[in-house]
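Only one structure is covered here, and it is reproduced in the block below.
A short reminder: the numbers here are calculations on the coordinates, not readings from a lab. Please read all numbers here as calculations on a predicted model, not as lab measurements. Glycine also receives a Cβ, built like all others from the backbone with ideal geometry; neighbour counts cover every protein chain displayed.
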Ligand code: C2O
Ligand code: CU
Ligand code: CU
């Protein structure tokens, strides 16, 4: 397994300066720069041609201890440098030095405790996205911990398998923090998932895809709402290649972008086989010619490379917003060897209650997402006409009850999506029609295109307390498109 440890570990051990405070300042590039030989890409475009670099597989964290139904982890949130571009040290924010972020493996019914030390010079809050988590461990935007202090999060994992992720949620900083690297995957499994003959182990690969913009020094440039993030990264490398065997692989795709929506397909024209979404496996696999993934959404797909002979190269392409020559390629799979393949994709993956059998909803709500579209330099984001106010409880729901939430994007041009903490919901309708098969499973984040309404069925169980809902285009939530709900 490739990890960043090898490259970075040496540099850190050698006393690499960990860069001065002030992420926005231009000065941070210089310390990194001094380390590097001037490469051919430095001058104008630091981004190499497509498929130059190999895609790493993110590091899997090992628990410090694993006893009595409890796995304990200890991480430090800190600045580090990563070789995102060849020969360039880019300053990033990391969980324990890892870029791409590390992976935690968890099992339903087994608790996970993560102690984070904040080694940054600004507050942090760690949210487990998609997790059914008590409020004290949810990583609420206002529930931050200060530089130099530590915070322990307890995840009870009383939910079924799912590809979750964790990321920073410190109020007004979450967008930039996630952009600079504070995200990792949290793969929760259970007996049901383990009993299926799906590709496992090294053939089950988490892939976070996202966009970024690099300045001329190869440093990550962040401005809120930036539409010029046109470098696509897969596991933290620009349009990389990945060597595969001629057999089936499972890829856990996460859109880790702040704003970009991806529309993914395979260059040989074969559909992707989607087996899972945010909240775990779908009931049945679905052949998806074009997979749409908005920020924060996950999709588990299986690709069978046995259809191809060794030597074949297959590109995962993107036809989402943007110029194809800039953002049209995500990742290339290079089939380099043959391999046995005992794995199968069963016709039935799990059982979920049909929409008609969901608990009866007592309350129907209307949620309207909007933002300024008049071209002002600092657009504001709203939910039901109001910007986020940490002191205001916008919605109160009864513990254990089910509700219908109709979520509308009131904008003409801007896309949004909608994410609720604490729960996995069902998407009943999109634009008045039954939701398609790719959205038929458990979801925690759902796309809402301009003028569109999605109808959600939500059951508020698990825990009581205060949580947030927001657009997961994190630049938008940072602009105010976020609200509080209380379960009581
Ligand atoms: Cu990924 Cu508030 O969430
Ligand atoms: Cu979340
Ligand atoms: Cu939005």
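Remarks
- Note on segment 182-279: the alpha carbon radius of gyration divided by the globular reference 2.2 N^0.38 Å gives 1.27.
- Between residue 399 and residue 336, residue separation times 0.36 nm minus the direct Cα-Cα distance comes to 17.4 nm.
- The helix-only estimate of mean residue ellipticity at 222 nm for the chain, built from DSSP H runs of length n ≥ 4 each weighted as -39500 (n - 2.57), is -1500 deg cm²/dmol after division by the residue total.
- Extent of the chain along its three principal axes (Cα atoms, max minus min coordinate, largest first): 64, 53, 52 Å.
- Principal semi-axes in Å for segment 65-195 [√(5λ), Cα gyration tensor, largest first]: 25, 17, 13
- Using 0.36 nm per residue and subtracting the Cα-Cα separation, the extra length available between residue 65 and residue 313 on full extension is 85.1 nm.
- Placing pseudo-labels 7 Å out from each Cα toward the beta carbon at residue 357 and residue 228 gives an inter-label distance of 5.4 nm.
- Semi-axis lengths (Å, descending) of the ellipsoid that matches the C-alpha gyration tensor of segment 201-338: 25, 18, 13
- Normalised alpha carbon radius of gyration of segment 367-454 [divisor 2.2 N^0.38 Å]: 1.17
- Inter-centroid distance (Cα atoms) of segment 421-488 relative to segment 115-161, Å: 21
- Extending 7 Å from the Cα toward the beta-carbon at both residue 413 and residue 202 defines two label points whose distance is 4.9 nm.
- Inter-centroid distance (Cα atoms) of segment 304-354 relative to segment 182-256, Å: 13
- Kirkwood Rh, Cα atoms: Rg over Rh of segment 73-149: 1.01
- Label-to-label distance, nm, for residues given as residue 267 and residue 74 (7 Å Cα→Cβ offset): 4.7
- Cα-based Kirkwood hydrodynamic radius, segment 411-483, one decimal, Å: 13.0
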